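Asks: Supplied in structure tokens, the structure appears directly below.
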Amino acid sequence: PDLDLHQYGATAGGAILKDRLFYFAAFERLRKTDENDVAITPAVASAVRAAGFRLETGKLPYDETAFNVLLRLDWVQSQASRFTLRYLYSGEEDGNAVRWGGLVAKSAGAERRTADRTLTLSHQFVGERFVNEAKLMRSRRSSTLDSLDADGTVFVEILGAASFGTQRL
């Protein structure tokens, strides 16, 4: 199959206030276009289309993407005390989350979208004989699973010949 893959990222960091306030930022991106081969026979595909279902066969593309960002601030209050503020975002989309291909039409598959967001504030105190760290964290995840069946039809499985229509999940 044809595969198109792009993956890149970058980081930056440094001092905002000398010896006191520092920043760090990083991001990463992945974009992948791949394809699955739907090998439902022409006779079965014709019968399915004649029954009113939309059915594509052959090599069909799908996309996967991922995007990650990290932002961080460090404030050095003293040699013994440091505050850190950190934000993390991670998002993914997968057009082949519920697998399709072979005798399974694209319409029987599903696409997943996930996003994670996390904000963390921490304080680290270093004494002569101990280290104390306190953290506050807020995290949220959103996730959806969407059918690839544009028509929203029923799911049909013809054993050994074809599966198509809105996936059962």
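The values are calculated or read from the model by the stated rules, or taken from the named source; none is laboratory data. Everything numeric here is computed off the predicted structure, so don't read it as measured data. Cβ atoms come from the backbone with ideal geometry, glycine included; neighbour counts cover every protein chain shown. Surface areas here come from the heavy atoms of the whole protein model, side chains and all, with no ligands, DNA or RNA. Shrake-Rupley method; radii C 1.70, N 1.55, O 1.52, S 1.80 Å.
Asks: Do any residues in the range 100-129 that are farther than 30 Å from residue 88 by Cβ have Cβ atoms under 6 Å from those of residues that are of a type in the set (Lys, Arg), where the two are at least six apart or on different chains, and which pairs are they?
Replies: These pairs meet every condition: 100/106.
Asks: One residue is enough: does the range 157-167 have a residue meeting the conditions over 24 Å from residue 66 (Cα atoms), open to solvent by 80 Å² or more (accessible area, probe 1.4 Å) and at pLDDT below 95?
Replies: yes
Asks: Kindly indicate whether residue 149 is within 24 Å of the chain's Cα centre (by Cα), open to solvent by less than 40 Å² (accessible area, probe 1.4 Å) and under 25 Å from residue 42 (Cβ atoms).
Replies: yes
Asks: Does residue 83 meet the test of being open to solvent by 50 Å² or more (accessible area, probe 1.4 Å) and modelled with pLDDT of 95 or more? Quick ask: steps written out before the conclusion?
Replies: Numbers: open to solvent by 50 Å² or more (accessible area, probe 1.4 Å): yes; modelled with pLDDT of 95 or more: yes.
In short, yes.
Asks: For the subset of the range 91-119 comprising residues that are open to solvent by 30 Å² or more (accessible area, probe 1.4 Å) and assigned to a loop (DSSP other than H, G, I, E, B), which member is farthest from residue 152 (Cα to Cα)?
Replies: Filtering first and then ranking leaves 103.
Asks: So which residues in the range 123-146 are aromatic (Phe, Trp, Tyr) and surrounded by 11 or more Cβ atoms within 10 Å (Cβ to Cβ), if there are any at all?
Replies: To start, the set of residues in the range 123-146 that are aromatic (Phe, Trp, Tyr) comprises 125, 130.
Scanning the range 123-146 gives a single hit, 125.
Asks: Open to solvent by less than 90 Å² (accessible area, probe 1.4 Å) and within 20 Å of the chain's Cα centre (by Cα), is that true of residue 9? If you could, list the steps in order and put the result at the bottom.
Replies: Values: open to solvent by less than 90 Å² (accessible area, probe 1.4 Å): yes; within 20 Å of the chain's Cα centre (by Cα): yes.
In short, yes.
Asks: Every residue in the range 56-80 that is outside any strand (DSSP E or B) and open to solvent by 80 Å² or more (accessible area, probe 1.4 Å), please.
Replies: So in the range 56-80, the residues outside any strand (DSSP E or B) come out as 56-57, 77-80.
Once the filter is applied, which keeps residues that are outside any strand (DSSP E or B) and open to solvent by 80 Å² or more (accessible area, probe 1.4 Å), the range 56-80 yields 56, 77, 79.
Asks: What's the number of the condition residue 89 fails, among (1) modelled with pLDDT of 95 or more; (2) within 28 Å of residue 131 (Cα to Cα)?
Replies: (2)
Asks: Would a scan of the range 34-55 turn up a residue that is open to solvent by less than 70 Å² (accessible area, probe 1.4 Å), in contact with a helix residue (DSSP H, G or I) (Cβ under 6 Å, 6 or more places away or on another chain) and farther than 16 Å from residue 2 by Cα?
Replies: Within the range 34-55 (the criterion being open to solvent by less than 70 Å² (accessible area, probe 1.4 Å), in contact with a helix residue (DSSP H, G or I) (Cβ under 6 Å, 6 or more places away or on another chain) and farther than 16 Å from residue 2 by Cα), the answer is yes, since at least one residue qualifies.
Asks: Now for a different question. Are any residues in the range 62-85 under 20 Å from residue 129 (Cα atoms) and in contact with a Lys or Arg (Cβ under 9 Å, 6 or more places away or on another chain), and if so, which ones? Show your work before the answer.
Replies: Initial filter on the range 62-85 (under 20 Å from residue 129 (Cα atoms)): 76-83.
Of everything in the range 62-85, those that are under 20 Å from residue 129 (Cα atoms) and in contact with a Lys or Arg (Cβ under 9 Å, 6 or more places away or on another chain) turn out to be 76, 77.
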